[in-house]
Amino acid sequence: MVHEGTVISIDDESFTETIRNGITLVDFWADWCTPCRMQTPILERLARRVSSEVKIRKLNVDKNPVIAGYYQITGIPSIFIFREGEVVKQFIGVQNEEVLMSAIAKISRNEGE
């Protein structure tokens with residue numbers, strides 16, 4: 001069961017269905033990545049703020065090489081924001097909550113970049 005306000009882990013099998021509809025933020029990360037561990041609490045706070053309009057998900061690149069390879073993830077954390085299955089914004093490295101909120105707000109208003 002998916003709970004509002006939480007960051008949910010996804011995998012190679014669930015990825016496409018997850019990003020298909022609406023706005024989805026996906027954090028590409030790995031267990032050994034210290035900056036990735038710094039990003040997690042930021043995403044958890046963000047999820048509590050935007051869960052009614054945006055899905056916040058995490059994909060472990062070591063455990064899910066198909067999707068990580070498809071999106072050519074070479075630096076982590078990498079954050080991709082999808083709208084209706086299409087990448088509309090990308091970040092590499094730790095991002096603060098306000099930067100992500102601003103990007104989500106623009107995408108929600110359909111302003112793009």
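Things worth noting here:
- Just one of the listed residues (V87, V61, V50, V66) is within 22 Å of I107 (Cα to Cα) and modelled with pLDDT of 95 or more, namely V87.
Here is a yes/no grid of residues against (1) farther than 17 Å from A103 by Cβ; (2) part of a loop (DSSP other than H, G, I, E, B):
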{"site": "E13", "(1), (2)": "yes, yes"}
{"site": "P35", "(1), (2)": "yes, no"}
{"site": "T40", "(1), (2)": "yes, no"}
{"site": "A47", "(1), (2)": "no, no"}
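- Qualifying positions in the stretch 45-57 - within 14 Å of V94 (Cβ to Cβ) and not hydrophobic (A, V, I, L, M, F, W, C): R45
- Here the stretch 71-113 is the region considered, the condition is being assigned to a loop (DSSP other than H, G, I, E, B) and without any contact (Cβ under 8 Å) to a residue 12 or more places away in the chain, and the residue that is surrounded by the most Cβ atoms within 10 Å (Cβ to Cβ) is T74.
- With respect to the stated conditions, R57 fails to be among the charged types (D, E, K, R) and more than 13 Å from the chain's Cα centre (by Cα).
- Count of residues meeting criterion [part of a helix (DSSP H, G or I) and either more than 21 Å from R83 (Cβ to Cβ) or touching a strand residue (DSSP E or B) at 6+ places or on another chain (Cβ under 8 Å) (or both)] in the stretch 49-63: 1
- Residue check for A30: of a type in the set (A, V, I, L, M), in contact with a helix residue (DSSP H, G or I) (Cβ under 8 Å, 6 or more places away or on another chain) and at pLDDT 95 or above: yes
- So F91, is it farther than 19 Å from T6 by Cα and hydrophobic (A, V, I, L, M, F, W, C): yes
- Taken over the stretch 1-31, the criterion of being closer than 20 Å to I73 by Cα, in contact (Cβ under 8 Å) with a residue 12 or more places away in the chain, loosely packed, with under 13 Cβ neighbours inside 10 Å and not basic (K, R) is satisfied by T16, D31.
The values are calculated or read from the model by the stated rules, or taken from the named source; none is laboratory data. Because the structure is a prediction, the values reported are computed rather than measured. Note that each Cβ is placed from the backbone with ideal geometry, even for glycine, and that neighbours are counted across all protein chains shown.
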